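Take this structure, written in structure tokens, and hold onto it; I'll ask about it next.
The values are calculated or read from the model by the stated rules, or taken from the named source; none is laboratory data. Please read these numbers as outputs of a predicted model, since none were measured by experiment. Using ideal geometry, Cβ is built from the backbone for each residue, glycine included, and neighbour counts are taken over all protein chains shown.
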Amino acid sequence: MFESKTPTMRSTRARRSFLPSLSSTGKTSLVALIFVCALGLVATFAPIIAPYDPYKPDLANVMMPPVWFDAGTWSHPLGTDSLGRDYLSRLIFGARVSLLVGFVATFISGMIGTALGLLAGYCGGRVDATVSFLISVRLAMPVALAALAVVSVAGGSLIIIVAVLSLLLWDRFALVARGQARQLRQQEFVVAAQALGCHPLRVMIAEILPNMKSALVVVATLEVANAILLESALSFLGMGVKPPVPSWGLMIAEAKQDLLFDSWLMFIPGVALFLLLLAVNVIGDSIGELRTQRGGGK
Amino acid sequence: MKYRVSTKPVGSDWGHGMLRYLMRKLGLGIGVLLCTSAIAFFLSFLVGDPASRLAGESASAQEIAQVREQYGFDQPLPTQYARWLANGLAGEFGDSLFLKIPVTKVIAQHLPVTLYLASASILFSLIFGLAMGAIAAIREGGAVDRLCLFLSLVAQATPVFWFALIIMALFSFGWPILPSSGADSWKSFVLPTLALGFNAMPAIIRLTRTSLIEVLKTDYIRTARAKGIPYRRVVLKHALTNALNPVVSVSVVQFGYMLTGSIVVEMIFALHGVGQLAWSSIERGDIPIIQAIILLFSLIYVLLGILSDIVAAWLDPKLRTASHV
């Protein structure tokens, strides 16, 4: 009941009909990759790049519209919010939160999930049953609710959110690692390593783990998107990063009250979030596709 | 008893293997529920001291101690957990700390809205997801296929709360044809359903597509085509029923996600469902309600999992006799 029945995008047959569109897929994912890297650079050097201090209110210039409106000026390209803070600067600093949470939480949960799945798939038996049970329990827990509850207790700081998401998002890593390890366990090179008397830990880390790398990378991209989405939703609900720290989800929440007259306030951070998630998903899809093409059958 | 009732209409060709398999899943489900209930119980004690919440802000230390003793909050946590679980099995979760009425009553008041919303949303995403996935699979590699894939990519990258605000701005403020809040008529459910359903659609589109593409390449489809059965009939009758299996299990999981996804949507559209109740209870530190909701959601998830196994076996006769899957 809890085993993942989701078939991955694998297709064992040659995709003749897909080959012509492959170059365009490649181009799209290249654009996506460049976008994410550029955003990463902007986030890293946010204090240098951002034109204003994202925290500094300027009550003389409140709710200035972005430059494409008639009243907009180039001094504040994306306008200012209800406290007169420069929206572009807040957007740039907000990228830090999204990217940091997305990548760090995925990295930690990836380690947890991979370790559990690897152990379960390689050892089998009781270990497998225990880990599978743990995965079932984790899947039956409502993630958003659990995260909300913990964050409301521990307070919404970046570290708490990363920790909570890390402890909640390891299930898919565990499922995939387990399935891969079960398959790889029977391969000749693993049996050979065992026959040579290698320690099980060595077999797992040096023989099996490198061979499931690409499958894990696909999961990781999906989880980065998932973590970014969850952080923004938590911040939107007021249980994430606390104001005045700029997070895109929080910016959307703050813009909610001005939805009627100044919907651009809600629109801009949403577009940023959407583009980042789109880029991450495109990258994940094309890695998955590349994998099935190179790997062919099993 | 439960599994027997549900398996009855399917007939007598169910092997003992399937029955044993379902029994094992049921046992596993109970184990999972025990664990989630324990986590829910201990987790919610982190939210705050229930005794001081109950006694009120102006209560003295002595009054708090009295409340603590009265409600049994002074006993060790495992004892409290055992008592809570025993009461919970009898459908008794105590009173809400904030609303001062039984938790079961509060949840019963809020559950219908969430169930309507989640059912309507899953129906919406199934109708559009299946149709688009099927069309994409038939025209694999074509323009329609790429359009469907693009749409599912866009839907996947759109945060629920942002999409909800956009359609609210469009259809409640910009062109006011639908209400932005409340639950007075079916109209109030249109926008929330759209928001939640749009979110669940990409998974269904993609899965229907890949699954149907695989099925369309099998020998029996070629045989059916060779017999001269019209293509439309082959796809609808032969291929789609076989491609449906993974879609069923995923839509069941999606339904479970929707229960939690409805927190955000109910908040935005001011619907008084379980999601909104959960959020406000967390804010108020209303422990009995938080515990009961977490338990309720995982119970629904476990039951849906068993249901999807039964449906999967009903769709695919091969699974019925398999002793282990």
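Within segment B:198-214, identify whether any single residue is without any contact (Cβ under 8 Å) to a residue 12 or more places away in the chain and of a type in the set (D, E, K, R), and answer yes or no.
No, there is no match, as no residue in segment B:198-214 is without any contact (Cβ under 8 Å) to a residue 12 or more places away in the chain and of a type in the set (D, E, K, R).
Does at least one position in segment A:213-226 carry a residue that is out of contact with any helix residue (DSSP H, G or I) (no Cβ under 9 Å at 6 or more places or on another chain) and either more than 8 Å from chain B (Cβ to nearest Cβ) or at positive phi (or both)?
Taking segment A:213-226 first, the residues out of contact with any helix residue (DSSP H, G or I) (no Cβ under 9 Å at 6 or more places or on another chain) are A:213.
Filter once more, so that each one left must be either more than 8 Å from chain B (Cβ to nearest Cβ) or at positive phi (or both): A:213.
Looking through segment A:213-226, at least one residue is out of contact with any helix residue (DSSP H, G or I) (no Cβ under 9 Å at 6 or more places or on another chain) and either more than 8 Å from chain B (Cβ to nearest Cβ) or at positive phi (or both).
Among the residues that make up segment B:119-132, is at least one of them in contact with a Leu (Cβ under 6 Å, 6 or more places away or on another chain), among the aliphatic types (A, V, I, L, M) and either crowded, with 20+ Cβ neighbours inside 10 Å or within 26 Å of B:Leu194 (Cβ to Cβ) (or both)?
Looking for residues that are in contact with a Leu (Cβ under 6 Å, 6 or more places away or on another chain), among the aliphatic types (A, V, I, L, M) and either crowded, with 20+ Cβ neighbours inside 10 Å or within 26 Å of B:Leu194 (Cβ to Cβ) (or both), one finds none in segment B:119-132, hence no.
If A:Ala206 meets every condition in (1) without any contact (Cβ under 8 Å) to a residue 40 or more places away in the chain; (2) under 30 Å from B:Ile39 (Cβ atoms) apart from one, which number is that one?
(2)
Starting from segment B:249-265, keep only residues that are free of Cβ contacts under 8 Å to residues at least 40 places away in the same chain, then list their pairs with residues that are of a type in the set (Lys, Arg) and in a helix (DSSP H, G or I) whose Cβ atoms are within a distance under 7 Å, requiring at least 6 positions of separation or different chains.
Matching pairs, first to second residue: none at all.
Just checking, does segment B:177-188 include any residue being more than 10 Å from chain A (Cβ to nearest Cβ) and either part of a helix (DSSP H, G or I) or surrounded by 22 or more Cβ atoms within 10 Å (Cβ to Cβ) (or both)?
yes
Moving on. Answer yes or no: is there a residue in segment B:126-140 that is closer than 30 Å to A:Ser98 by Cα and under 20 Å from the mean Cα position of the chain (by Cα).
The answer is yes; a qualifying residue exists.
Suppose the filter is at pLDDT 85 or above, away from chain A (no Cβ under 14 Å) and under 21 Å from B:Ala118 (Cβ atoms); does B:Thr193 pass it? It would help to see each step written out before you state the result.
Numbers: at pLDDT 85 or above: yes; away from chain A (no Cβ under 14 Å): yes; under 21 Å from B:Ala118 (Cβ atoms): yes.
Yes.
Sort out which residues of segment B:18-48 are modelled with pLDDT under 70, among the small types (Gly, Ala, Ser) and touching a helix residue (DSSP H, G or I) at 6+ places or on another chain (Cβ under 7 Å), and write them in order of number.
B:Ser44
Quick one: which of B:Ser280, B:Ser262 is surrounded by fewer than 24 Cβ atoms within 10 Å (Cβ to Cβ) and either charged (D, E, K, R) or within 25 Å of B:Ala164 (Cα to Cα) (or both)? If you could, list the steps in order and put the result at the bottom.
Values: B:Ser262 fails: surrounded by fewer than 24 Cβ atoms within 10 Å (Cβ to Cβ).
The match here is B:Ser280.
Can you list the helices (runs of 4 or more DSSP H) found entirely within segment B:215-299 that contain at least 2 residues being charged (D, E, K, R)?
B:219-226, B:274-284
How about segment B:217-260: which of its residues are modelled with pLDDT of 80 or more and closer than 30 Å to A:Gln257 by Cβ?
Result: B:Met258, single match.
If you check A:Phe236, A:Phe267, which single one turns out to be facing chain B (nearest Cβ under 10 Å), more than 12 Å from the chain's Cα centre (by Cα), crowded, with 24+ Cβ neighbours inside 10 Å and free of Cβ contacts under 8 Å to residues at least 60 places away in the same chain?
Unique residue meeting the criteria: A:Phe236.
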